[in-house]
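Asker: Okay, here's the structure, questions in a sec.
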Amino acid sequence: MLSKRVVLLLAACLVSIAEAALWPAAADSHQSPLTLSRAGAVNQFPDGFMLGAATAAYQIEGGWDADGKGESIWDRMLHEHPEYGTNGDNGDVACDSYHKYAEDVQALKNLSANVYRFSISWPRILPNGDTDVINQAGIDYYNNVINLLLENEIQPLVTMYHWDLPQALQYIGGWPNSILADYFVEYARVLFENFGDRVKFWITFNEPPAIVSGYANQGGAAPSQPAPGIGDYLAAHTLIKAHARVYHMYQEQYKALQQGYVGITLNCDWYEPVTNSTEDVEAAERGIQFMMGHYAHPIYSEEGDYPPVMRQRVDANSAAEGRPRSRLPSFTSEEVAYIRGTSDFFGLNHYSTLLATSGETGSVPSKEHDSGVISYGDDSYPQGSASFVRVIPWGFRKLLNWIAAEYPGYPIIVTENGYPDWGGLDDKNRTSYYTSYLAEMLKAINTDGNNVIGYTAWSLLGNLEWSSGFTIKFGLYQVDFNDTERPRTAKDSVQTISQIYSNKELPIEYFP
Ligand code: NOJ
């Protein structure tokens, strides 16, 4: 049996070996240290490219109240309101990864993954949301996961917040209350202190639009506190400030020793104008600004702050509604400067493409109404089991190019991309989704010259698709939720993906 110290030393060595291989020295000092040279052929991944799969705590762990874990807003919502979910499904047991994480690491190994994106459950670490109680069993669990990954030469890419806020912090209003940034900073500090010696890639938040939708809509996302066009903008404002504070804290207190990277994961569809008319082209651009620019512009743009088009439209609508202030809060100029540039990489979740045109939509007030963008799926493309996924691979390349042009200099990690099916091990549709999307990503890298440095497929395991329950199946591995052992079985797509991952190339036949 290796002592804990030896395991940690081994882990540290593996990280530095992996780092040396992953990141060749930057060509000049203005380049991000996370710059990879494009590959020699369009179908090859650059040297050092991270290839793996992703999950999130509430969707896979189970053990919802095990060993001192606190209650999260998702625990609360789906216990109190099973009707907001599907078939009464919830994350109480899910894939039972709290007990079966070693099988998950084995599944990653079989996939030839060199990176695993997973999230840490805030209430498993801090049951009250605050540092008055630090749950050692929670720390031990993630230490075990991280150490096992490193023993298997798999980089941990860790999301700090994938939607499971401690319920204790919802009692004080949740994210619309700006005090939450203070709590998040202290939670992040606990993570850096306990795991930062081995975790080199941190994502503060996953998909802010989904987080804040819990303060806009009834029933979709926790905590289901509907104040559309108000609560969601306030929550977003807190998230952006919390992200920036954690980034600065890492730079000032941990970077020198831990040598890691901190970013955020934003999600966006590609918005394709319905016609070439100026109105439609502007609507498509506005769709991206309202969905992703809301967060990306303050953090990644040269000028910082909210996108001008958002400022202008929400201010105007608020005034027209007779309000004494804009529903979209403002940053001070010091805050704008403080937030700008607070990411080492751009995490992107991308699934599909929407058609966009301009027009009145959504209730008043709401972000949808403020955007004035009518968007819908193009039904000439095939759809997965979740209605928001239509298989439109070319939109992926367009979006990667849009991000690289709008926010130059930031390496991109594709932190989610995947296909939902209806079940069964024969998943040709998934294989074809992945191969066609990877082909477009490789074109964006090798043909268009964008610095994409990693890709984690959603998802490693079939899991709880939030309020859609277990009916929508994104997993490369099927999990039998009727069996108390929760056995994992590789779907057919695993064979193709693992070959691609181990050869570091996509067979040329997948390029149209
Ligand atoms: C976005 C989320 O991050 C993840 O939790 C979810 O399961 C997938 N997309 C699929 O909807």
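The values are calculated or read from the model by the stated rules, or taken from the named source; none is laboratory data. Worth saying up front: this structure is predicted, and the values here are computed from it rather than measured. Cβ: placed from backbone, ideal geometry, glycine included. Neighbour counts: every protein chain shown. Keep in mind that these areas ignore ligands, DNA and RNA; they rest on the heavy atoms of the full protein, side chains included. Shrake-Rupley method; radii C 1.70, N 1.55, O 1.52, S 1.80 Å.
Asker: At a Cα cut-off below 23 Å, give the lysines reachable from Lys69, other chains included and same-chain residues fewer than 8 away excluded.
Answerer: The qualifying lysines are Lys100.
Asker: What does the helix-only formula give at 222 nm for the chain: each DSSP H stretch with n ≥ 4 adding -39500 (n - 2.57), the total divided by the residues, and the result rounded to the nearest 500 deg cm²/dmol?
Answerer: The helix-only estimate for the chain comes to -11500 deg cm²/dmol at 222 nm.
Asker: Taking the inverse of the average 1/r across all pairs of different Cα atoms in the range 319-420, what Kirkwood radius in Å do you get?
Answerer: By the Kirkwood definition, the hydrodynamic radius is 16.9 Å.
Asker: Given an 8 Å cut-off on Cα distances and at least 6 residues of separation, report the relative contact order of the chain as a percent.
Answerer: Worked out over the chain, it gives 18 percent.
Asker: If DNA, RNA and ligands are ignored and the probe is 1.4 Å, what is the ranking of Ser326, Ser178 by accessible area, most exposed first?
Answerer: If we order Ser326, Ser178 from most to least accessible, we get Ser178, Ser326.
Asker: So if I take the centroid of the Cα atoms in the range 441-512 and the same for the range 263-288, what is the distance between those two points in Å?
Answerer: A separation of 26 Å, based on Cα centres.
Asker: Moving on to the next point. Give me a comma-separated list of calculated 3J(HN,Hα) values for the range 56-71, in order, Karplus coefficients 6.51, -1.76, 1.60 applied at θ = phi - 60°, integers in Hz, x for any Gly or Pro.
Answerer: 9, 3, 5, 7, 10, 6, x, x, 5, 10, 6, 6, x, 5, x, 7
Asker: Just list whichever of Lys398/Lys473; Lys398/Lys443; Lys200/Lys443 have alpha carbons separated by over 18 Å in the model shown.
Answerer: Lys398/Lys473; Lys200/Lys443
Asker: Sticking with this structure for a sec: From Cα coordinates alone, what are the radius of gyration and Dmax values for the range 370-470 in angstrom?
Answerer: Both quantities, over Cα of the range 370-470: 15.1, 43 Å.
Asker: Which net charge results when you count Lys and Arg as +1 and Asp and Glu as -1 among the other residues whose beta-carbon is under 13 Å from that of Thr131?
Answerer: -4
Asker: By how many nm would the segment from Thr447 to Thr275 lengthen if fully extended, with 0.36 nm per residue of separation less the alpha-carbon distance?
Answerer: 59.2 nm
Asker: Please give the solvent-accessible surface of Glu207 in Å², to the nearest 10, using a probe radius of 1.4 Å with every protein chain present.
Answerer: 20 Å²
Asker: How far, in nm, would the chain grow between Gln218 and Ser363 when pulled straight, counting 0.36 nm per residue and subtracting the alpha carbon separation?
Answerer: 50.9 nm
Asker: Report the calculated FRET efficiency for Ser387 and Gln495 (r = Cβ-Cβ distance, R0 = 25 Å), to the nearest 0.05.
Answerer: The value I calculate is 0.30.
Asker: Looking at the chain, what % of its DSSP beta bridges pair antiparallel, to the nearest 5?
Answerer: 25 percent
Asker: Please work out the Cα center distance from the range 83-121 to the range 128-189, rounded to the nearest Å.
Answerer: 17 Å
Asker: Counting Lys +1, Arg +1, Asp -1, Glu -1, what net charge surrounds Asp232 among other residues with beta carbon under 11 Å of its beta carbon?
Answerer: Neighbour charge sum, excluding Asp232 itself: 0.
Asker: Under 5 Å between amide hydrogens, which residues at least 5 positions from Tyr477 or on another chain qualify, with H placed 1.01 Å from N in the peptide plane?
Answerer: Under 5 Å from the amide H of Tyr477 lie the amide H atoms of Leu461, Gly462, Lys491, each far enough along the sequence or on another chain.
Asker: With every protein chain present, what is the per residue accessible area of the chain (1.4 Å probe, Å²)?
Answerer: Roughly 37 Å² per residue, with all protein chains present.
Asker: Still on this model: Let me check I've understood the local charge: for Ser326, count other residues with C-beta under 12 angstrom from its C-beta, Lys and Arg +1, Asp and Glu -1. What total comes out?
Answerer: Surrounding charge for Ser326 is +2.
Asker: Sort the range 84-183 into rounded, prolate or oblate with this rule: let a ≥ b ≥ c be the square roots of the eigenvalues of the Cα gyration tensor; rounded if a/c is under 1.5, and if a/c is not under 1.5, prolate when a/b is larger than b/c, oblate otherwise.
Answerer: In terms of gyration-tensor shape, prolate.
Asker: On a full-extension model of 0.36 nm per residue, what is the gain between Glu80 and Val336, subtracting their alpha-carbon distance, rounded to one decimal in nm?
Answerer: 88.2 nm is the gain from fully extending Glu80 to Val336.
Asker: Additional query: How large is ³J(HN,Hα), in whole Hz, for each residue of the range 184-201 in order, when computed from phi with the Karplus curve 6.51 cos²θ - 1.76 cosθ + 1.60 and θ = phi - 60°, using x for Gly and Pro?
Answerer: Going residue by residue, I get 5, 4, 5, 5, 4, 4, 4, 5, 4, 5, 8, 10, x, 5, 10, 8, 10, 10 Hz, with x marking Gly and Pro.
Asker: List the residues whose amide H sits under 5 Å from the amide H of Val373, counting only those 5 or more places along or on another chain, with H placed 1.01 Å from N in the peptide plane.
Answerer: Gly359
Asker: Residue by residue through the range 455-472, what is 3J(HN,Hα) from phi via Karplus (6.51 cos²θ - 1.76 cosθ + 1.60, θ = phi - 60°)? Round to whole Hz and write x for glycine and proline.
Answerer: 8, 10, 5, 9, 9, 4, 10, x, 8, 6, 7, 6, 6, 8, x, 8, 7, 9
Asker: When averaged across all projection directions, what area in nm² does the alpha-carbon convex hull of the range 425-475 cover?
Answerer: Averaged projected area of the range 425-475's Cα convex hull equals 4.4 nm².
Asker: Would you mind getting the Kirkwood hydrodynamic radius of the chain from its Cα pairs, rounded to one decimal in Å?
Answerer: 23.0 Å
Asker: Jot down the per residue volume, in cubic angstrom and as a whole number, of the convex hull over the alpha-carbon atoms of the range 206-332.
Answerer: Dividing the Cα hull volume of the range 206-332 by its residues yields 148 Å³.
Asker: Let me ask something else. Which percent of the accessible area of the range 237-393 is formed by carbon and sulfur heavy atoms (probe 1.4 angstrom)?
Answerer: That fraction is 50 percent.
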